[in-house]
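Engineer: To start, I am sharing the structure in question, which I have written as C-alpha cells.
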Amino acid sequence: MEDDLLAFLNFKGLDLDSGKRNIDLKKDFKTAKDLGEEFGYDVALPSLGGLSVNQYALQNRQSMIPEGKEIIKRQGKEFLVDKDRPKGPSRIAAGIMDFFDPEADRDKLGGMGVVDDKGRYAYDPTGGLAKFDPKDVSVLKLNPSQQRLAGQRYQQETAVEKSPTDTLNDAIKAYNEFKKNADKESRKGRVADALLESTVMRANMPFITNTLKDLSTFKQRQLLDAEKVKQSLPDAVQRRLLTADTGFKQQADAIAGQYLAAVEGAKAGAFPRNVSFSA
C-alpha cells in the first residue's frame, strides 16, 4: 500500500491541457530562443514587455552583435568583422599585401583564396568572414527579471506544485478513494471471472463426460483383446488341456474307488445271513 501511495503522489508536475505528468517545474529560460521554443516566436510575452520573441529580436538587433564586432555588407549580405581592424592607410597597405598573398586576411575585411566543393581554387571576396544571422535569438540573453517572469508563466500554464492536492490529509483521502474504487472494480472482475469459468465448465461437461466414456470403453476393449491373444498362446492352451485332463482323472479315480468299495462290500456280504427282516 505504501508503494502505491508513493506512486500516486510521486510526480514533478501536471500539464493541465494534456494531463501529462513528470513536467519539469524548474525549467530554466536563459535566452530568447528558450522562450521561443516553449511559448512560440510570435506570441506576446510579459517577460519581454508584451513583445514576441521575433519583435524583441528586432528591437535588440544591436545586442545580437558580439562584443568587439561590427557589421559590414558584402554582396547584399551582412558579415561580422573586428572593430579593431586596420583603418586608414594601414588598411590600404594590408589590403595590398592581401592581394599578393590571398591566403591571409591582414585587413580583416575578408577576401581569401578558397577551394570549392569540386576541388577548384578560387578567390572569395567574403572568404574568412562570419555571417550575421538576425534570426539567431540564442545570442539574446535574458536578465534575471525576465527569467523569473518566464518561469512563473511556465509554472502557471503547464504545472502544479508537487501534488494535485493541497495538504497531505487531502492526498491520503484522495488515495483512499482511489484505492476503494480500484478494489471495487477488482472484486467485480474476480466475480465475473468466476461466473465465466463456471459457465464454460458446465458447457463443456457433456463433452468431457462422453470423452471419458469413450476412453473407458476403448480401454476395456483393449484389455479384452489382450486377454484373448494371451489365451490363444500355446502355453495357455496346454494349461487348459492339462487342467481338463486332471479333472477327468479325478472323476475316473472317484468312480473306480466307488466300484472297488462296492465289490469289497459284496465279498464281505452286505446283508449277514443270520439277520432277517420282517414287515
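Every number in this text was worked out from the coordinates using simple rules, so none of it is lab data. What you see is a predicted model; the values in this text were computed from it and never measured. Glycine gets a Cβ as well: all are built from the backbone with ideal geometry, and neighbour counts include every protein chain shown.
Engineer: Excluding residues on the same chain fewer than 8 positions from LYS219, give the lysines whose Cα lies under 30 Å from its Cα.
Structural biologist: LYS228, LYS230
Engineer: Ranking PHE29, PHE100, PHE218 by Cβ neighbours within 10 Å, fewest first, what do you get?
Structural biologist: PHE100, PHE218, PHE29
Engineer: Rounded to the nearest 20 Debye, what is the dipole magnitude of the range 168-231 about its Cα centre when Lys and Arg each give +1 and Asp and Glu each give -1 at the C-beta?
Structural biologist: 180 debye
Engineer: May I pose another question? What's the extension gain from THR217 to GLU67 if we count 0.36 nm per residue and subtract their Cα-Cα distance?
Structural biologist: So the chain would gain 43.8 nm between THR217 and GLU67.
Engineer: Also: To make sure I understand the rule: partners must be lysines, Cα under 28 Å from the Cα of LYS179, and not fewer than 8 residues away in the same chain. Which ones qualify?
Structural biologist: LYS12, LYS20, LYS162, LYS188
Engineer: Put a dot 7 Å past each Cα toward the Cβ at ALA130 and LYS108; how far apart are the dots in nm?
Structural biologist: Going by the 7 Å Cα→Cβ label model, 1.3 nm.
Engineer: For the range 168-231, build the charge dipole from Cβ charges (+1 Lys, Arg; -1 Asp, Glu) around the Cα centre, then report which of LEU223, ILE172, ASN204 sits farthest towards its positive end.
Structural biologist: Selected residue: LEU223.
Engineer: Could you tell me which of the pairs LYS30/LYS83; LYS69/LYS141; LYS69/LYS118; LYS73/LYS135; LYS77/LYS135 are separated by over 22 angstrom between their Cα atoms in the structure shown?
Structural biologist: Listed pairs above 22 Å: LYS30/LYS83; LYS69/LYS118.
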